[in-house]
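This report concerns only the one structure given below.
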Amino acid sequence: MRIDCWAQFVFGLLFFPPFMTQAEHLPSLGLKEAHQITKKNHPLINVAELKALASRQFVTQARSGFFPNISANAVAVGTAASNTRLEAIGALNNPAIFDRQAEGLVISQLITDFGRTANLTGSAKLQAEAAANNAQATREQILLAVDGAFYSAQQAQAVTRVAQQTVMTRRVFLNQVSALASNKLRSDLDMSFAKVNFEDAELLLSKAQNDLDAAFAQLSSLLGLNQTRTYQLVEEPLPPQVSTNVSEFIQLGLQSRPDLLSLRNQQQAAVKLARAQRDARFPTVSAVGAAGGAPIHDPALPDGYAAAGIVINLPIFADGLYMAREREAELQARAAEASIRDLEDNVIRDVRVAWLHTQNAFDRYRITGRLLETAQQSYNLAKTRYENGVSSIVEFNQAELNLISAEIFLATTQYEYLIQRSVLSFQTGTLQ
């Protein structure tokens, strides 16, 4: 019998009526819907997305250097005497002051700064891309946690169904043995064993129910809900076994991991910033123009004014300021490059480990399917032998325990495989 058929058989068998009645009244929730709710509600995802949006504003700020700078001026001056002059003003300018009220515009347009503004804009764009990749990395980390909580809740539900079925079965068996013991057809030892098994099943159910409540509390928190909610979780199709070529997954991780892409963006941005700091030592050439009118003015002044010119600003001495800034940016770029190599090594390791865990989880799931089939046959045989008085209750109890363990193992390994597939998708940067 195929494994998926066994899984459908076991899980269908474990849904007994009280559980079904309760589940029918619960809202359904699929993994895709859980992802959508998390992306909308989780605060860390919102923080990362807002930071990514904020980083885009630095691009606009840096790019503004390419466009004209226009400002409006208005001034009204009254003097104490007709020949007022400022003699100790602490600056070099025209000390003469005239009565006037004037308005005008000043326009400044950068002609060239030898690539400084272009490199600053390129660095800002790369930093914005790094922030966007960081936001994607945050989303994938949260979604990985959602996948783990979702499958853990499904696993807890499956184990709870096993426990409920076990309690129901052992209760019936205890009642049968008690009736036979009262008629001296079974010993008191058999009834004692049956009672112990029933109480053990109740302990199993208590723990399973607690694990289920904890799983839904974790899932509700990751969904961004302020209170715990219980859902009827939609079963996800079991994906096929992963490829045996781990190199494909390693290459995919090196190409797609958002945290690695973000670090590469930061390294490229640091290189651009180093070039911009180098360009700061070159001249800056700008065109400046001013024009305006003076409705009220001293007779010595004209009614209007207009002027234009070229301004060249050449840094000569700043005591190593520009060189130190360039050197700082270069060292930051080298540090980012070393960090990239370290992260690439970690990605290769993490992808390989996740691939191994995924392969092992699928093998355990496949083996557990065969184990369940054998345990079911052993249980049926032991039950028949005990009912015919050929064997003791100890043999029957051991066969029943093996069957319950196999049922729990099958439920556990199925969802462990799904969890490991999500981990592998996260490590390769393909968890959406």
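What follows draws every value from the coordinates through simple rules; no lab data is involved. If you're wondering where the values come from, they're calculated on a predicted model, not measured in any experiment. When we count neighbours, we look across all protein chains shown, and the Cβ atoms used for this are built from the backbone with ideal geometry, even at glycine.
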For the ALA291, LEU321 Cβ pair and Förster radius 35 Å, calculated FRET efficiency rounded to 0.05 is 0.50
With point charges of +1 on the Cβ of Lys and Arg and -1 on the Cβ of Asp and Glu, referenced to the Cα centre of the chain, which listed residue (HIS297, ALA132, ILE45) lies farthest in the positive direction of the dipole?
-> ALA132
If each part is reduced to its alpha-carbon centroid, the stretch 186-203 and the stretch 327-343 end up apart, in Å, by 68
Calculate, axis by axis, the spread of Cα positions in the stretch 28-147 along the three principal axes, and write the results as whole Å, longest axis first.
-> 87, 35, 25
Cα-Cα longer than 23 Å, checked against LYS40/LYS207; LYS39/LYS272; LYS184/LYS383; LYS51/LYS125, kept in input order, equals LYS40/LYS207; LYS39/LYS272
Given the Cα-Cα distance of SER256 and LEU26 and 0.36 nm per residue of separation, how much length would full extension add, in nm?
-> 79.0 nm
Rounded to the nearest Å, the spacing of the alpha-carbon centers of the stretch 346-410 and the stretch 230-284 is 41
If you bin the C-alpha pair distances of the stretch 205-248 every 10 Å from 0, what whole percents do you get?
-> 22, 31, 23, 20, 4
Within the stretch 208-273, trypsin sites (Lys or Arg not before Pro) in DSSP loop having at most 15 other beta-carbon neighbours inside 10 Å | ARG229
Taking the convex hull of the alpha carbon atoms in the stretch 133-218, what volume per residue do you get, in Å³?
-> 62
5 Å binning of all Cα-Cα separations within the stretch 257-412, expressed as whole percents from 0 upward | 2, 7, 8, 7, 6, 6, 6, 5, 5, 5, 5, 5, 5, 4, 4, 4, 3, 3, 3, 2, 2, 2, 1, 1, 0, 0, 0
Debye-sum result for the stretch 147-276 in log10 I(q)/I(0), which assumes one identical scatterer on each alpha carbon, at q = 0.17, 0.23 Å⁻¹ | -0.97, -1.18
For the stretch 139-187: Kirkwood Rh in Å [reciprocal of mean 1/r, alpha carbons] = 13.7
Projected onto the charge dipole of the stretch 122-194 (+1 at Lys/Arg Cβ, -1 at Asp/Glu Cβ, origin at the Cα centre), which of ILE142, SER192, SER123 gives the Cα projection farthest towards the positive end?
-> SER192
Where the only charges are on Cβ atoms (+1 Lys, Arg; -1 Asp, Glu), what is the dipole of the stretch 243-378 about its Cα centre, to the nearest 20 debye?
-> 560
Gaussian network model of the chain, Cα within-10 Å springs - most flexible of ALA130, ALA194, ALA153 | ALA194
Net charge dipole size for the chain [Lys, Arg +1 and Asp, Glu -1 on Cβ; Debye, nearest 20] | 380
Largest first and rounded to whole Å, the semi-axes √(5λ) derived from the alpha carbon gyration tensor of the chain read 79, 25, 15
If you rank PHE98, PHE362, PHE198 by fewest surrounding Cβ atoms within 10 Å, what's the result?
-> PHE98, PHE198, PHE362
Would you mind ranking ARG63, ARG370 by Cβ crowding within 10 Å, fewest neighbours first?
-> ARG370, ARG63
Taking the simple approach of a point 7 Å from Cα along Cα-to-Cβ for both GLU103 and ARG229, what is their distance in nm?
-> 5.8
So GLN241 and LYS40, fully extended at 0.36 nm per residue minus their Cα-Cα distance, gain in nm 69.2 nm
